[in-house]
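Asker: My questions will all concern the structure given below.
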Amino acid sequence: MWAAWAVIAASLVGLAINLYFVSLFYPVPAWFSGALGGAARACGIDGGACKRVVLTPYARLFAGRPNVVLGLPWSVLAIACSAVFLVTGTFPLWWPCVVIALSSVVVGIYLTYALLVVLKEPCPL
């Protein structure tokens, strides 16, 4: 039970981060950008380093598409599956979720390396 809540909490953070990066890649309504910008400032991630990172090839690992194109649906899927587990006691799509989660960890390690070692950008994400 606690693991489902942990997945939901982590996925909500991931969803918020992905939404922030969506606002850097795509035009969004001013109210949306303002809300995300305020949240980003509160979390200390609105600096120029994060904005510079989205201009690099590392921000487009999947056939030239921004990484958030996969990050958003993954966050929503993880939240939905965990919520279903909390309600029904079953975990739908558990095998694909495990594969995607492990892949996300590998990509996250690679992107962290690229950010800190290759790009030398101090983006706090």
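Read-outs: derived from the displayed coordinates by stated rules, not from any lab. Values in this document were obtained by computation on a predicted structure and should not be read as measured data.
Asker: Quote to one decimal, in nm, the extra length available between Trp31 and Val76 on full extension: 0.36 nm per residue of separation minus the C-alpha distance between them. Could the numbers behind the result be given before it?
Answerer: Values: separation 45, 0.36 × 45 = 16.20 nm, distance 2.19 nm.
Net length gain for the segment: 14.0 nm.
Asker: Here is a follow-up. How much length would be gained if the chain were fully extended between Trp94 and Val118, taking 0.36 nm per residue of separation minus their Cα-Cα distance, in nm to one decimal? Each step should come with its number before you reach the end.
Answerer: Working: separation 24, 0.36 × 24 = 8.64 nm, distance 3.46 nm.
The span from Trp94 to Val118 would gain 5.2 nm if fully extended.
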